[in-house]
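The values are calculated or read from the model by the stated rules, or taken from the named source; none is laboratory data. All of these numbers come straight from a predicted model, not from anything done at the bench. All Cβ positions, glycine included, derive from the backbone under ideal geometry; neighbour counts span all protein chains shown. Note: accessible area is taken over every heavy atom of the protein model, side chains too, but ligands, DNA and RNA are not part of it. Shrake-Rupley method; radii C 1.70, N 1.55, O 1.52, S 1.80 Å.
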Amino acid sequence: MVALGIESTAHTFGVGIVSDRKPYILADIRYKYTPSKGGILPREVAQYFSTIAGRAVREALGEAGLGIRDLSLIAVALGPGMGPALRIGATVARALSAAYGLPLIPVNHGIAHIEIARFFAGARDPVILYVSGGTTVIATYSYGRYRIFGETLDIALGNLLDTFAREAGLAPPYIVEGEHVVDLCARGGRFLRDFPYTVKGQDVSYSGLLTKALRSLAKGIDIHDVCYTLREIAFSSAIEVTERCLAHTRKNQVVLTGGVAANSILNDKASRMSKLHHAKFKPIPRRYAGDNGVMIAMAGILAFKSGLNGVKPEDAIINQRWRLDRVDVPWFPRIFGE
Ligand code: AMP
Ligand code: MG
């Protein structure tokens with residue numbers, strides 16, 4: 001069985017082609033929208049996606065050495081994300097499904113991040129720390145779904161790092177040779193004692209930390225110290241909630257996923273915390289931490305194999321606020337490829 005997965009929830013238009021047998025990943029094409037300055041504007045992203053979507057699909061088929069008729073299904077991320085961007089992926093997926101009579105499988109973007117992390121870690125029932133530009137969630141499986149144990153009360157971890165970097169004049173680009181510019185700037189920095197570390201219940205909060213960091217810069221406090229403190233507090237509070245989830249559920253595996261899961265310092269913290277609790281931890285390959293079409297195709301195959309036959313093109317409706325705890329995961333605890 002071979003699936004073509006389309007990702008277009010945020011800045012990346014990704015087309016992945018995946019087989020349910022080894023070598024699993026047959027193609028992985030990505031086009032990333034990067035604005036020259038400021039944040040991303042949904043309309044501009046959609047405009048960009050519409051110009052490269054056809055090429056991305058053709059290139060993915062070329063890389064896999066397959067024709068459209070070799071595919072078994074089309075999987076598409078229908079949310080959560082930015083409406084205009086989501087609509088491009090949905091339109092391409094509906095058109096392919098209708099034209100070639102292929103089952104159309106809707107995929108939740110967050111579920112796909114979790115499934116690719118479980119796949120690479122070989123983790124059947126992990127505690128999941130999912131951290132990206134728009135999401136900070138600590139989740140784990142319980143009674144048919146991934147349940148959210150904790151999350152951010154305001155901005156996401158990736159957004160915190162990116163916004164600070166932009167306002168401080170460190171970015172764009174945000175990532176230099178695989179490292180976030182906040183990490184690069186934090187080298188040699190010292191910990192500042194009066195920054196807010198906020199965990200409320202099982203939730204984290206980052207907006208006070210961002211404000212404090214920016215105000216400190218304005219007061220002339222050393223930027224290396226500010227970056228170091230911001231990074232340490234942000235990562236440690238997310239890891240603290242992950243640790244609480246592990247202790248509470250007594251599970252014995254931990255995975256990280258989402259764009260920020262590419263971060264080596266965060267991985268190191270997760271690894272040390274997991275060891276303390278005798279839990280297994282294996283980092284996700286850097287390339288598959290961030291948004292991609294491969295994870296959408298994998299989640300599509302899991303859903304299809306567990307009996308979801310697909311939806312009619314007219315029912316493949318985007319949902320900008322589609323929470324991952326709204327999705328039944330009947331394939332659980334099966335891992336992709338099994
Ligand atoms: P995603 O939306 O899942 O592709 O994640 C994008 C987010 O991941 C952005 O906020 C990036 O700044 C962040 N990111 C990517 N690489 C790293 C890294 N090495 N360290 C920290 N954050 C990263
Ligand atoms: Mg993502």
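Results, tabulated for the structure shown:
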{"item": "Hz values of 3J(HN,Hα) by residue in region 182-187 - Karplus curve (6.51, -1.76, 1.60), Gly and Pro given as x", "result": "5, 5, 4, 6, 6, 4"}
{"item": "For the chain, size of Cβ-based charge dipole, Lys and Arg +1, Asp and Glu -1, in debye", "result": "400"}
{"item": "Surface accessible to a 1.4 Å probe, per residue, for the residues of the chain, Å²", "result": "43"}
{"item": "Those trypsin sites (Lys or Arg not before Pro) in region 233-338 that DSSP places in a loop and that have at most 11 other beta carbons within 10 Å", "result": "ARG250, ARG321"}
{"item": "Integer Hz, Karplus 6.51/-1.76/1.60 couplings in order for region 28-41, x for Gly and Pro", "result": "8, 10, 9, 10, 10, 8, 10, x, 5, 8, x, x, 8, 9"}
{"item": "Of all accessible heavy-atom area on the chain, the percent that carbon and sulfur account for (1.4 Å)", "result": "51"}
{"item": "Simple spin-label estimate for ILE265 and ARG287 in nanometres, 7 Å along Cα-Cβ", "result": "2.7"}
{"item": "Dipole-positive endmost among GLN320, VAL107, ILE148 within the chain (Cβ charges, Cα centre)", "result": "ILE148"}
{"item": "Value at 222 nm in deg cm²/dmol, rounded to 500, when DSSP H runs of n ≥ 4 in the chain each add -39,500 (n - 2.57)", "result": "-13000 deg cm²/dmol"}
{"item": "Label-point separation, ASP328 to ARG215 (7 Å along Cα→Cβ), nm", "result": "4.9"}
{"item": "Mean Cα-pair separation over length for the chain, i.e. relative contact order, pairs under 8 Å, 6 or more apart, %", "result": "27"}
{"item": "Under 19 Å from the ARG124 label point (7 Å along Cα→beta-carbon), backbone N, region 132-167", "result": "140-147"}
{"item": "Sequence-separation-based contact order of region 124-281, relative, with Cα cut under 8 Å and 6+ spacing, percent", "result": "29"}
{"item": "Candidates per trypsin sites (Lys or Arg not before Pro) in region 1-63, loop by DSSP, up to 15 other Cβ within 10 Å", "result": "ARG21, LYS37"}
{"item": "For region 306-330 and region 148-200, distance of Cα centres in Å", "result": "33"}
{"item": "Selection of GluC sites (Glu not before Pro), region 176-258, meeting DSSP coil and at most 11 other Cβ within 10 Å", "result": "GLU177"}
{"item": "Cα centre as origin, Lys/Arg/Asp/Glu Cβ charges: region 124-281 dipole, Debye", "result": "540"}
{"item": "Backbone HN-Hα couplings from phi across region 42-54 [Karplus 6.51/-1.76/1.60, Hz, Gly and Pro as x]", "result": "x, 5, 5, 5, 4, 4, 5, 4, 5, 7, 10, 4, x"}
{"item": "Cysteines in the chain lacking a second Cys C-beta under 4.7 Å", "result": "CYS245"}
